[in-house]
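In what follows, a structure is listed as structure tokens, so that the remarks can point back to it.
Computed from the coordinates by the stated procedures, all read-outs in this text should not be read as laboratory data. The structure presented is a predicted model; accordingly, all values stated were derived computationally and were not measured. Cβ placement follows ideal geometry from the backbone for every residue including glycine, while neighbour counts extend to all protein chains displayed.
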Amino acid sequence: MGIDKKSSTWANIKDMVFDGGSNMSDEMVLSQLGVDKKTMEGIEEAAKQQAMEDIKVKVKFLNHSNNEDPKHKHLDDSGMDLRANLPDGKITIGVGKIRLVPTGLHFELPESMEIQVRPRSGLAAKNGITVLNTPGTVDRGYTGEIKIILINLGEKDFIVNHGDRVAQAVVSPVISGRWCKIIKVDNISKAERGDGGFGSTGIS
């Protein structure tokens, strides 16, 4: 990463070192400060990383299971795996049946945030196991245990063992009742689409 010569900080440094001289190279300025270019770039990178940490949404949680803590496996992943908390056994979900699977996790969400509980694509594709109320909504005001409503749409019984990854949690911004005002009116504006719905635009 190069030095941002347009930044006000860099301009102030050059003013202090060379009384505002514009012909002084970056390397000469850094030499006067006793700092090489690589060190300066490292300082800038550290400042950038700290700035990113400061603006991250902070989500607190409790883990009352002995499973590993939820986390984003990759930096660009949307969801965190939710694991079954079944220390005393397992759950069998019969074909067409619904079971409630505990996780042992409790979340404390910041304002204007929710958790969406979504299926895992692998379970759905290979076994027909999905979250019945997908996406399940965990409101900010709920701090109880997260439990997953699973349904078996497959062709054979499915066994959930302790520690199995059964769903994923996505932290998402939402306009809650605190910031949304619902207004009853006699008429609403007509849009170009109007009341066309339920596949009115076709499939091709």
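Full extension from residue 62 to residue 193: what is 0.36 nm times the residue separation minus their Cα-Cα distance, to one decimal in nm? Don't skip to the end; give the middle numbers.
Numbers: separation 131, 0.36 × 131 = 47.16 nm, distance 4.62 nm.
My answer for the length gained is 42.5 nm.
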- request: Rank-order 81-88, 92-99, 104-111 by packing density, defined as the average count of other C-beta atoms within 10 Å over each peptide's residues, highest first.
  value: 81-88, 104-111, 92-99
